[in-house]
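Here's the structure, in structure tokens; my notes come after.
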Amino acid sequence: MTDVTQTIPILASLDLAISEAFYVNKLGFKTSWNDGHYLIVRRNTIELHFWLTDNAAFPENTSCYIRGGQVADLYREFQAAGVDRLSDFSVKPWQMKEFYIHDPHGNLLRFGMETESA
């Protein structure tokens, strides 16, 4: 196995059980680690980490960008699953086709792909 360089967001959570339930049950991630203070979820090549906080300002002002060719399929899946706070999937002025979701604590997940692949 090659140790590939990655960038992995570490997002804040007000309640790891709620975050875990949302990402696993609504977005199709699998739990990799949850010790009650730190959570790791994965879905294919997407990996997200969460740390526990009691300050709502952290998740309400945090976001990450997930980019790649699987984004159109994810949108269709999330739409079919009735994921709350799912935006439309549209081309932005910067020529990326994007949609976004806010998780239960306010973290913004923005998903995008180049318009040629859309």
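The values are calculated or read from the model by the stated rules, or taken from the named source; none is laboratory data. If you're wondering where the values come from, they're calculated on a predicted model, not measured in any experiment. Here the Cβ is made from the backbone with ideal geometry for all residues, glycine too, and neighbour counts use every protein chain on show. Areas reflect the complete protein model, heavy atoms only, side chains present, ligands, DNA and RNA absent. Shrake-Rupley method; radii C 1.70, N 1.55, O 1.52, S 1.80 Å.
Quick rundown of the values:
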item	result
For the chain, share of DSSP beta bridges that run antiparallel, in % to the nearest 5	70
Phi-based couplings in Hz for segment 97-112 (Karplus 6.51, -1.76, 1.60; Gly and Pro marked x)	8, 9, 9, 9, 9, 9, 7, x, 9, x, 4, 9, 10, 10, 10, x
Length-normalised contact order of the chain in % [C-alpha pairs under 8 Å, at least 6 apart]	25
Given charges at Cβ of Lys, Arg, Asp, Glu: segment 2-62 dipole, positive-most of A17, H37, A57	A17
Dipole moment magnitude, nearest 20 debye, the chain about Cα centre, only Lys, Arg, Asp, Glu C-beta charged	240
Accessible-area composition of the chain, carbon plus sulfur, in percent [1.4 Å probe]	50
Compactness index (Cα Rg / 2.2 N^0.38 Å), segment 60-118	1.08
Angle in degrees between helix 71-80 and the longest Cα principal axis of the chain, rounded to the nearest 10	70
Those GluC sites (Glu not before Pro) in segment 32-118 that DSSP places in a loop and that have at most 13 other beta carbons within 10 Å	E116
Volume of the Cα convex hull of segment 29-89, divided per residue and given in Å³	114
